[in-house]
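Single-structure report; data block below.
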Amino acid sequence: MTDPTLETASIKGYEDSSIPIIDLSLPEAAVATALVDAFRTIGFCIVVGHGVDLNVVKKGFASSKAFFELPDETKEQYKYEGHLSN
């Protein structure tokens, strides 16, 4: 079985760490195993092979950046209070 986590990306400022890059176009069982391993060990992963248009991805990152640049008082309105408010 091909291990989709062989490729990794460095985390800036944490040269001893790396984030697994997981290709979602690989067989489902390999992807599932890689995702579970990534989330259990590091807590993050980079996914490729998902088919989402790059412009959509860029817009999502821009929206996230804009949100986190808001004043704390504004962001506090969207505070996570449990799975029912998610």
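Values as computed for the structure displayed
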item: Phi-based couplings in Hz for region 67-74 (Karplus 6.51, -1.76, 1.60; Gly and Pro marked x); result: 4, 6, 8, 5, x, 4, 4, 6
item: Phi-based couplings in Hz for region 23-28 (Karplus 6.51, -1.76, 1.60; Gly and Pro marked x); result: 8, 6, 7, 6, x, 3
item: By average C-beta atoms within 10 angstrom, highest first, the peptides 70-79, 44-53, 20-29; result: 20-29, 44-53, 70-79
item: Long-range HN-HN contacts of Val47 with modeled amide H, under 5 Å; result: Ile22
item: Integer Hz, Karplus 6.51/-1.76/1.60 couplings in order for region 42-55, x for Gly and Pro; result: 9, x, 9, 7, 10, 9, 10, x, 8, x, 7, 4, 4, 5
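Taken together, the values in this text are just the output of simple stated rules run on the coordinates, not laboratory data. A quick note: this is a predicted structure, and the numbers were derived from the prediction, not measured. When we count neighbours, we look across all protein chains shown, and the Cβ atoms used for this are built from the backbone with ideal geometry, even at glycine.
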